[in-house]
Amino acid sequence: MIAEAGANHNNSVERAIEMARRAAEAGAWAIKFQLYKAETISVPDSPKYWDDPFGTATQYEAFKLSDGLGYHAYADIAAACRALGIVFFATPFDLAAVEALESIGTPIYKIASADITHRRLIEAIAATGKPLLLSTGAATVEEVQRAIAWSGLGPERLVLLVCTLTYPTPDRDANFSRLTTFRREFAPYLIGASDHTLGTAGGWMTAALGGVCIEKHYTIDKRLPDVPDHAMSLEPEELAEMVAACDRAVALRGEPWIGIRPSEEPARANARRSIVLERDVSAGAVLTHEDLGFKRPGTGVEPFEEDRVVGMRLRRDRPRGTILSYEDLLAAPP
């Protein structure tokens, strides 16, 4: 479970650390931030592709509200994360952010879906030698393959994230079944999800379909201003619910082999039926269909053996309700 803090710290180191603390308490494996500057991510008149109530007209204006934290400030956040026992990492949106994260000692990186065509950035991150999560929202198979080739990374260092690049993602466009497709098409790479749907259901879906990780936008208060991600993010209590959902979904998914599980043994023995006597039968009597019934438990001769049992004889007197075993039976006389 990756708590995607993004810029939901609203330019506050203290809030970022508080977010990390509460994410750790919720059971998240990692907390991830976004390092960007409006000047390096967007031209001034770049149109927005989302709606929010904050009065900005362009991407540049929106990013300017949330890029006030200097890259060097993340060193304090990373140190706090280490003390809290939660992994710190980030999505860098420019090469200066990569350099800053290297100086901080980040253990892992993520490439945003929107940068799947940014070859220079992909190559720079791959050159660090760190593992990389590559998000694939709004990308074609060919674009994903091309980004993998640019990275030069094998499955020991690269994880692909299924994603829909819509904020928030309507349920009809979530298409978590792509996890299965990605696992087949991009084997042996591990596959996870970057989930932009509302609520925690994506945790169930990702874990149940074999994903290895899920990234989810996270905030400590959905009512905070300036950053549009707040409204679609999980708060700490919801994050804990999602962690629990992922853990349980993994257990529920289980193993694919067909066969008897240990917990089924009592039911296998006692809920199935056996061939039983429907009346008192004397020793030596030849059994007929009318003598036999089929009742629980299933500890005797199985019902499908009826035709074999008919015509056999009892070794000794047996009362009505006896569960027959082959030790009770003799072959019919020639």
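The values are calculated or read from the model by the stated rules, or taken from the named source; none is laboratory data. Since we're looking at a predicted model, the values are computed, not measured. Cβ atoms come from the backbone with ideal geometry, glycine included; neighbour counts cover every protein chain shown. Note: areas computed on protein heavy atoms with side chains; ligands, DNA, RNA excluded. Shrake-Rupley method; radii C 1.70, N 1.55, O 1.52, S 1.80 Å.
What to note about this one:
- Considering residues of region 256-291 that are free of Cβ contacts under 8 Å to residues at least 24 places away in the same chain and either among the charged types (D, E, K, R) or surrounded by 14 or more Cβ atoms within 10 Å (Cβ to Cβ) (or both) only, the residue farthest from residue 314 (Cα to Cα): 261
- Where a residue in region 310-329 is surrounded by fewer than 12 Cβ atoms within 10 Å (Cβ to Cβ) and its partner, wherever it lies, is not in a loop (DSSP other than H, G, I, E, B), with Cβ under 8 Å and at least six apart: 316/328; 319/277
- Checking every residue in region 202-215 against the condition of being of a type in the set (S, T, N, Q), surrounded by 24 or more Cβ atoms within 10 Å (Cβ to Cβ) and at pLDDT 95 or above gives at least one match.
- For region 1-35, taking the residues that are acidic (Asp, Glu) and farther than 18 Å from residue 91 by Cα, the one that is surrounded by the most Cβ atoms within 10 Å (Cβ to Cβ) is identified as 18.
- Which listed residue is modelled with pLDDT of 95 or more, in contact with a Ser or Thr (Cβ under 8 Å, 6 or more places away or on another chain) and open to solvent by 70 Å² or more (accessible area, probe 1.4 Å), from 76, 45, 94: 45
- Hey, residue 311 in a loop (DSSP other than H, G, I, E, B) and either of a type in the set (Phe, Trp, Tyr) or touching a helix residue (DSSP H, G or I) at 6+ places or on another chain (Cβ under 8 Å) (or both) or not: no
- Any strands (runs of 3 or more DSSP E) falling wholly within region 102-178 and containing at least 2 residues that are more than 24 Å from the chain's Cα centre (by Cα): none
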